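Single-structure report; data block below.
The values are calculated or read from the model by the stated rules, or taken from the named source; none is laboratory data. From a predicted model like this one, the values you see are computed outputs, not experimental measurements. Because the Cβ atoms are built from the backbone with ideal geometry, glycine has one as well, and the counts that use them run over all protein chains shown. What goes into the accessible areas is simple: the full protein's heavy atoms, side chains included, and nothing from ligands, DNA or RNA. Shrake-Rupley method; radii C 1.70, N 1.55, O 1.52, S 1.80 Å.
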Amino acid sequence: MKFLLIVIMVYIFLAEGFEQVEALAPLDIFRRAKLEAYTVSIDNTDFVTSSHNVQIKVDKHFDDFLAEYDKIEDKSNLVLLCPGGLPGAEYLSKKEELISILSKHNKAKAPIAAICAAPSLVLSKIDDVKGIKATCYKGFEKNMQDAGMTYTAADVEVFDNIITGAGAGLAIDFALSILSKLHGQEFSDNIRHSIMLK
């Protein structure tokens, strides 16, 4: 399998009560693809517990991320990813510094990914989302619609720099769609085939 030399970084933001499949399945896919992928605790804790009581040790604190973010010149190869899960996605939506960074990232047309409840609870709060097509967990679409986003009900939706997924069962397809957006379909398909996914 061939890997490209373009360095892509992914920060996956975790809050207490995150959905572990939506965070860890993409993390696994990204690391198989040799991306620089990191979990980030928005509360600056070393461990974060998921909505199903799975505790993981994070790679970075949010303060570490903030210190690194502005030093990264090419934001087009920097993915900011918000998993769903409750109350995790609600906590992400209330982290003002995160919403500010996501707004800045969106203004730069840099890649933002969110899945399950996060497209509705988190992305609906960032700047310049009116007209964006997105999906989310069914029943959570109201916040998106109120913000002027178009709910498509797709499994995975890729619209400009925004990639969204509907839920935990689509976490691998969601991750592979991010790879396809950044590295092309052939690259994504190579990773898909390497894990025996048809």
For the chain, percent of DSSP beta bridges that are antiparallel (nearest 5) comes out at 25 percent
Can you run phi through the Karplus equation (6.51, -1.76, 1.60; θ = phi - 60°) for region 77-82 and list ³J(HN,Hα) in whole Hz, with x for Gly and Pro?
-> 10, 10, 9, 10, 10, 10
Segment residue 52-residue 67, extension gain: residue separation times 0.36 nm, minus the distance between their alpha carbons = 2.3 nm
Between 188, 120, 180, find the one with the highest GNM mean-square fluctuation for the chain; connect C-alpha pairs within less than 10 Å.
-> 180
Relative compactness, region 91-198, computed as alpha-carbon Rg over 2.2 N^0.38 Å | 1.06
Principal axis lengths of region 70-137 from Cα atoms, whole Å, largest first?
-> 33, 24, 18
If you place +1 on the Cβ of every Lys and Arg, -1 on the Cβ of every Asp and Glu, and leave all else neutral, what size is the dipole of region 1-144 about its Cα centre, to the nearest 20 Debye?
-> 620 debye
Efficiency of FRET from Cβ geometry, residue 31 and residue 193, R₀ 25 Å, rounded to 0.05 | 0.90
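Give me the accessible area per residue for the chain, probe 1.4 Å, as a whole number in Å². Intermediate results must be reported in sequence, preceding the final value.
Working: 9220 Å² over 198 residues.
Computed with neighbouring chains in place, this is 47 Å² per residue.
Please report the relative contact order for region 101-198, taking Cα pairs under 8 Å with a sequence separation of at least 6, and give it as a percent rounded to a whole number.
Value for region 101-198: 24 percent.
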So the carbon and sulfur contribution to the accessible area of the chain, 1.4 Å probe, in percent, is 50 percent
Whole-Å semi-axes of region 12-81's equivalent ellipsoid (Cα gyration tensor) | 21, 16, 9
Only Cα pairs under 8 Å and at least 6 apart count here; give the relative contact order of the chain as a rounded whole percent.
-> 19 percent
Largest first and to the nearest Å, give the Cα extent of the chain along each principal axis.
-> 42, 36, 36
